[in-house]
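J.: Take this structure, written in structure tokens, and hold onto it; I'll ask about it next.
Here, each number is a calculation from the coordinates, and none is a lab measurement. Computed from a predicted structure; not experimentally measured. Cβ placement follows ideal geometry from the backbone for every residue including glycine, while neighbour counts extend to all protein chains displayed.
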Amino acid sequence: MHATGPQHLSVIGDALIEVDDAGVIVDVRSLGPADGDEVACDVRLKPGTMLMPGFVDTHLHAPQWPQLGSGLDLPLERWLHELTFPLEARFANVGLAATVYNDMVPELLSLGTTSVVYHSSVHREATLVLADACVRHGQRALVGRVAMDHPDATPEWYRDCDAASAVASSAGSIDDIMALGSSRVAPIITPRFIPACTDETLAGLGRLAAETDVIVQTHCSESDWQHGAVFERFGVTDTMALDGFGLLRDHTVLAHATHLTADDADRIIEVGSGVAHCPMSNSYFANAVFPARRHIAAGMRVGLGTDVAGGPSPSIAEQVAHAVTVSRMLHDGVDPGGASGRDAASISMTTAFWMATLGGADLAGLPVGVFKRGRHFDAIVVDEPTAISGVDGLTAEVRLERIIRSLVRSRPRRVWVDGVDVTPHR
Ligand SMILES: [Zn+2]
């Protein structure tokens, strides 16, 4: 089962998927009666199981793993300063980083997350530890050392000391990660968000992106506070300010982006950037629902993100379910005495699943997310819930929804990245 587009869910019956030694899919076809029992397979899945593309998490803060599910009754600015920055600052300790990241990466794989776009901390050493953990456990990843140096929005004890050092450390971290020599783990340039960075740092990272062609991620128009702070500083929206600094590029991953104007959305589509839609985190911090349906229909690249730990669940299956929920609230409205919702805002389970797989992969420029010749074989196999396996006549979308909801309670049976079995042994 895979989503080949935002509206296209497909189940290939009795499929044979051939993968080469590099993990690239070379053939996908349905077996006919003529094939008989002659086909020799390395892996043959049992009836009642379903193979799906592995999940792509397009926004996750690795050093926030220990605070999963904490402080979600606070507004964003207080949550950052009271809980998050003090925790992230502790990742100056490389031993702590190794302990946390070697716990987190296998846990994410066990939930079916085969690719992650990570925010690390400001620390170059801990960022390399994170990249190394991904290599060791076999997860595909983009790993970004966080740049943040603005004295007004970051504490003195947790920031780059100046712009020169912010840009040099980001460049150094790119070199560190490239030196691992992994085909699956790559760097990503990561200004935390505009309020946390000086103009010099933003401009320097824009130049670094142009020089290296390394893709960029950041937060964009996440809340009334962030959106307002950028407008007050530059007199333009977050999107346009990022564009001015050369940070809005092909495959730039913008987290949240709940407060985009029509011009912002047009510009994001034009340059090939896109949005990491974090429906659960947005419900706590973003002060708005991201109108996924409208932006996807207009051609925007959109993936799903857990935003650990702004989002309290590391499960992309939970984000798929929640993306549908919040889209229905946007559609129908949430205030019985107030304005009603927006028409045509709700999305289908297929669209949410597409964002979690192919949509996210295309956003971050990863060659996965769909079972198609030329794509890499990152996949999970799940048990179809017993209530439906063996029942004929169910639509693919009903089967998908049952599987997604069962994945909130259980885990995939097996997980592959690049054709290699990376199922954590627990
Ligand atoms: Zn975030």
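J.: Just to be sure I understand: with springs between alpha-carbon atoms less than 10 Å apart, which residue in ALA309, ALA396, ALA321 has the highest mean-square fluctuation in the Gaussian network model of the chain?
T.: ALA396
J.: Taking Rh as the Kirkwood radius, which is the inverse of the mean 1/r over Cα pairs, what is the Rg/Rh value for region 55-364?
T.: 0.94
J.: When the Kirkwood hydrodynamic radius is evaluated over all pairs of different C-alpha atoms of region 140-206, what value in angstrom, to one decimal, is obtained?
T.: Details: mean 1/r = 0.0821 Å⁻¹.
One over the average 1/r among Cα pairs gives 12.2 Å for region 140-206.
J.: Would you mind telling me which residue in VAL275, VAL236, VAL56 has the biggest mean-square fluctuation in a Gaussian network model of the chain, where springs connect alpha carbons within a distance under 10 angstrom?
T.: Sorting by GNM fluctuation, first place goes to VAL236.
J.: Exactly which chymotrypsin sites (Phe, Trp or Tyr not before Pro) in region 152-198 are in a DSSP loop and have at most 13 other Cβ atoms within 10 Å? Please list the in-between numbers first.
T.: Details: sites: TRP157, TYR158, PHE193; in loops: TRP157, TYR158, PHE193.
Answer by residue number: TRP157.
J.: What is the fewest-to-most order of MET148, MET50 by other Cβ atoms lying within 10 Å of their Cβ? Show your work: numbers first, answer last.
T.: Values: MET148 24, MET50 18.
In order of increasing Cβ crowding within 10 Å: MET50, MET148.
J.: Take TRP79, TRP416 and order them by how many other Cβ atoms sit within 10 Å, fewest up front. Show your work: numbers first, answer last.
T.: On the way: TRP79 20, TRP416 23.
Ascending number of Cβ neighbours within 10 Å: TRP79, TRP416.
J.: Tell me, which longest segment in the chain has none of the GluC sites (Glu not before Pro) that fall in DSSP loops with at most 14 further Cβ atoms within 10 Å?
T.: Numbers: sites that count: GLU38, GLU156.
It works out to 157-426.
J.: Out of THR386, THR261, THR201, any idea which swings most in a Gaussian network model of the chain, alpha carbons joined below 10 Å?
T.: Between THR386, THR261, THR201, it is THR386 that shows the largest mean-square fluctuation.
J.: Suppose only helical runs count, i.e. DSSP H with n ≥ 4. What mean residue ellipticity at 222 nm does that imply for the chain under -39500 (n - 2.57) per run, divided by all residues and rounded to the nearest 500 deg cm²/dmol? All intermediate terms of the calculation are to be shown ahead of the outcome.
T.: Numbers: 15 runs with 151 residues, N = 426.
Calculated at 222 nm, the ellipticity per residue is -10500 deg cm²/dmol.
J.: Could you grab the relative contact order for the chain? Cα pairs under 8 Å, six or more apart, rounded to a whole percent. Before the final figure, lay out each step's value.
T.: Working: 923 pairs, mean separation 93.4, N = 426.
Here the relative contact order equals 22 percent.
J.: Based on the inverse mean of 1/r over its pairs of different Cα atoms, what is the Kirkwood hydrodynamic radius of region 33-161, in Å?
T.: On the way: mean 1/r = 0.0592 Å⁻¹.
Every distinct Cα pair counted, the radius reaches 16.9 Å.
J.: Another question, if that's okay. Hey, what's the per residue convex hull volume over the C-alpha atoms of region 247-286, in cubic angstrom?
T.: Working: hull volume 2.4 nm³, N = 40.
Convex hull of Cα atoms, per residue: 61 Å³.
J.: Right, here's the next one. Considering every Cα-Cα pair within region 191-298, what fraction, in whole percent, is farther apart than 23 Å?
T.: Values: 1158 of 5778 pairs.
Of all Cα-Cα pairs in region 191-298, 20 percent lie more than 23 Å apart.
J.: To two decimal places, what compactness ratio does region 134-264 give when its Cα radius of gyration is scaled by 2.2 N^0.38 Å? Show your work: numbers first, answer last.
T.: Values: Rg = 14.8 Å, N = 131, 2.2 N^0.38 = 14.0 Å.
Cα-based Rg divided by the globular estimate yields 1.05.
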